[in-house]
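The values are calculated or read from the model by the stated rules, or taken from the named source; none is laboratory data. On a predicted model such as this, the values are computed, not experimentally measured, just so you know. Virtual Cβ from ideal backbone geometry, glycine too; neighbours counted across all protein chains shown. The accessibility values were calculated without ligands, DNA or RNA, using every heavy atom of the protein model including side chains. Shrake-Rupley method; radii C 1.70, N 1.55, O 1.52, S 1.80 Å.
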2 protein chains.
Amino acid sequence: MNEEQQNVIYVGNKPAVKYAAAVAAEFENGANEVFIKARGRAISTAVDAAQISINRFLTGVDVKNVEISTEEIENRNVSSIQILLTKTE
Amino acid sequence: MNEEQQNVIYVGNKPAVKYAAAVAAEFENGANEVFIKARGRAISTAVDAAQISINRFLTGVDVKNVEISTEEIENRNVSSIQILLTKTE
């Protein structure tokens, strides 16, 4: 699966439940895995979105992997997170 | 290694660099692994602290594992993160 085909939800400043709903929609549309990505202060929201989508919106989906890294944006180092959710059933 | 012997840095509302320095001190005092834990909005700070400690304060230490979960605190669900850093050399 190349980069273009991945299902990615980018988390920003909206409430976490909005992103959780977007994640759930991806799985309901047939995705087997969804990446949730965020930078900086949105990292907390990304974790909330993952947990809400798993605990409230979906069954048979769980966190498969979490990666943290640093990206350089406009000469500043910004932390980022990538949460991979996959079907378990 | 039981729970009492683990090296854990709990991240709150202070600047990330303070926690990064605390993490670095643990390794400099001989720890082979350090857990960074945070809840809610402090999750972003925990990721910053991990990245700063690895990229700026330490050599031969990397992220071994990241776990996210939900804790119930005073009847509210709160997201949490646990970042495990270990020596690689």
Return the whole-Å distance between the Cα centroid of segment A:14-74 and the Cα centroid of segment B:51-89. 17 Å
Please give the helix B:42-52 orientation as an angle from the longest Cα principal axis of chain B, in degrees from 0 to 90, rounded to the nearest 10. 10 degrees
Are there residues in segment B:41-61 whose accessible area shrinks by at least 30 Å² when all protein chains are included rather than the chain by itself, and which are they (probe 1.4 Å, ligands and nucleic acids not counted)? B:41, B:43, B:44, B:47, B:48, B:51
GluC sites (Glu not before Pro) restricted to DSSP loop in segment A:1-51 with at most 12 other C-beta within 10 Å: none
Please list, in chain and number order, the residues 5+ apart from residue A:7 or on another chain whose amide H is under 5 Å from its amide H, with Hs placed from the backbone. A:35
Net charge contributed by nearby residues that have their C-beta within less than 9 Å of residue B:20 (K/R +1, D/E -1): +1
Packing-based ranking, highest mean first, of A:70-76, B:43-49, A:55-61 given that Cβ atoms within 10 Å are counted: B:43-49, A:55-61, A:70-76
At residue A:17, with labels set 7 Å past Cα in the Cβ direction, how many nm apart are the copies from this one, shortest first? 3.9
What nm distances, shortest first, do you get from the label point of residue A:75 to those in the other copies when the point sits 7 angstrom along Cα to Cβ? 5.2
Using only Cα atoms, find the angle between the long axis of helix A:16-28 and the longest principal axis of chain A, and express it within 0 to 90 degrees, rounded to the nearest 10. 50 degrees
Round to a whole number: what % of the accessible area of the protein assembly as shown belongs to carbon and sulfur, probe 1.4 Å? 40 percent
Given unit charges at Cβ for Lys, Arg (+) and Asp, Glu (-), the dipole magnitude of the protein assembly as shown about its Cα centre in debye, nearest 20, is 620 debye
Asked for the total accessible area buried by B and A (1.4 Å probe, Å², nearest 100), one would answer 1500 Å²
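Per residue of B:30-40, count partner chain C-beta atoms within 10 Å of its C-beta, then hand back the mean as an integer.
Taking all residues of B:30-40 together, the mean is 1.
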Answer in debye to the nearest 20: the dipole magnitude of chain B about its Cα centre, from +1 Lys/Arg and -1 Asp/Glu charges placed on Cβ, is 380 debye
